[in-house]
């Protein structure tokens, strides 16, 4: 396209010159006493154009000649900067390949050269950036070489240079690196202190949030760790399965920090609705509450939404026996003071899933709690065969033994206890 425009321009100039000079009979007279010179206008115009072009190229030549020293200085500086870049890249490559001694040597070579040639400071942020990155690279190499003293000295130099030059990205990189080193020593509190020095934008980055999560876990601050985990999931830092596993583990840690039932209820209140609907989470909370001798009524309130979702809302294709059995194991420890509403809910679940023996076992326990001994005996006796080989078999025999003791049938109770003891062995 540009060539076409240039051709059009040349043709236009040629046409214009032909129109002006083609039939022009003008004469230019030059008086140089006592002489007189007559030349045609076209010849005079051509001479002026040639003189203008020669003067232009002459001036350009003089200007280029005067700029040669400055261009030579810029070229030398560019070559030095290119050599520094190459050395720094080699240091990073050696660090990545595990050649830590050579990486430290080349990074320190960059630092020393910049220190010995202060004229490179004319590059401004570029020289400061190179020097701080070189110091950080050397510090990483000395960390792998277990030279902690030299590592800390180099990190301090890198931070000082980055702070003086106001290089926020480098300052964030140093803070993240030092926090990671603190986590290697399992010092979560020190790692959190370094992470607080990040810039406003750096705190929200995924890399910083990952380190913060690990630091909070090391510091055993499960409440804030869950909040950080939710942010990472929001940023899609993990897959769906990994996200569920992460939240589940953080919830377990939060529950384990509870020392009494009140702290356990406060920990449960920190969870979001979707977290409370995870079967493993609610079962772990129920077991932890039983260990802390908390209110069974409160635990049944926690279990109820998950119970209804797993048994009544899920279709036959999505029905998971393992989840149901986990809920039964959690609920069997909290059947004290069972009200008629829960008894009806358990009976309804048993009638909806009559082929699931664990629900039959749970219904038998509920009847035993309500002193419906005849119905309880029928249900538990039938469950012993269906639950053979499962984790419920021994507990079913124990429940039958307790029922026989309530009815004053000591010999039958002893027989049932013997069956349970055999399964324990």
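The values are calculated or read from the model by the stated rules, or taken from the named source; none is laboratory data. Computed from a predicted structure; not experimentally measured. Counting neighbours? That spans all protein chains shown, and the Cβs are built from the backbone with ideal geometry, glycine included.
A few comments on the model shown:
- Test: residue in region 35-44 that is in a helix (DSSP H, G or I), touching a strand residue (DSSP E or B) at 6+ places or on another chain (Cβ under 6 Å), more than 30 Å from residue 145 (Cβ to Cβ) and in contact (Cβ under 8 Å) with a residue 12 or more places away in the chain: yes
- Region 19-34: number of residues that are surrounded by fewer than 10 Cβ atoms within 10 Å (Cβ to Cβ) and not in a strand (DSSP E or B): 5
- Within region 237-275, the set of residues being farther than 21 Å from residue 220 by Cα and in the same structural domain as residue 322 (by TED's automatic domain parsing) comprises 273, 274.
- Enumeration of residues in region 89-109 that are touching a helix residue (DSSP H, G or I) at 6+ places or on another chain (Cβ under 7 Å) and either under 18 Å from residue 143 (Cβ atoms) or part of a loop (DSSP other than H, G, I, E, B) (or both): 91, 92, 94, 95, 100, 102, 103, 104, 106, 107, 108
- Taking region 69-98 as the range and being under 28 Å from residue 144 (Cα atoms) and crowded, with 16+ Cβ neighbours inside 10 Å as the test, the residues that pass are 84, 87, 88, 90, 91, 92, 94, 95.
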